[in-house]
Amino acid sequence: HTLTNYKPDLTNTTAPMAISVFKLFEALWKPKNMSKLINHPVNGAGQRVFPSRTAKSDNTIGVRIDQGVTLADGSVILNVQENGKPHGKVLASVIVRPDDTPRDVYDRLKGECKKNPDLTFD
């Protein structure tokens, strides 16, 4: 019994491809887009916050921000998810308080994304 012809199956041993959030934050930086981080419908859980659902934005940005639940104090949870996966894994999330500015939310959301090793800013 020799192992000279043995070829291991390495198809499932590679790390998953990193998901880039660069274009998301680049697009969010515009004031009209940043304001969407704090203006949400009441009980709008599951609704897309940013970017708008278009084939172009879905392809170029690749991820989206969805509204999560509204908390008792009026705060709202925002979740970053991959496009095309309606009930996909939450890649990052942040609580938006009623007194937050768009920049507060932007900075916190960016910080949460940086904590996820599956996300990249390239």
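Computed from the coordinates by the stated procedures, all read-outs in this text should not be read as laboratory data. A quick note: this is a predicted structure, and the numbers were derived from the prediction, not measured. FYI the Cβ positions are ideal-geometry reconstructions off the backbone, even for glycines, and counts take in every protein chain you see.
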Considering only the stretch 19-31, I want to know if a residue exists there that is farther than 19 Å from F121 by Cα, surrounded by 14 or more Cβ atoms within 10 Å (Cβ to Cβ) and out of contact with any Ser or Thr (no Cβ under 6 Å at 6 or more places or on another chain). no
Criterion violated by T101 - all others in (1) out of contact with any strand residue (DSSP E or B) (no Cβ under 7 Å at 6 or more places or on another chain); (2) at positive phi satisfied: (2)
For the stretch 60-74, enumerate the residues that are touching a residue at least 12 places away in the same chain (Cβ under 8 Å) and either exposed (fewer than 15 other Cβ atoms within 10 Å of the Cβ) or assigned to a helix (DSSP H, G or I) (or both). T60, I61, V69, L71, D73, G74
Filter result (part of a loop (DSSP other than H, G, I, E, B) and either under 16 Å from K36 (Cα atoms) or touching a helix residue (DSSP H, G or I) at 6+ places or on another chain (Cβ under 7 Å) (or both)) within the stretch 85-106: R97, P98, D99, D100, T101
Which residue is nearest to I77 (Cα to Cα), if the candidates are limited to the stretch 93-122 and must be touching a residue at least 24 places away in the same chain (Cβ under 8 Å) and basic (K, R)? R97
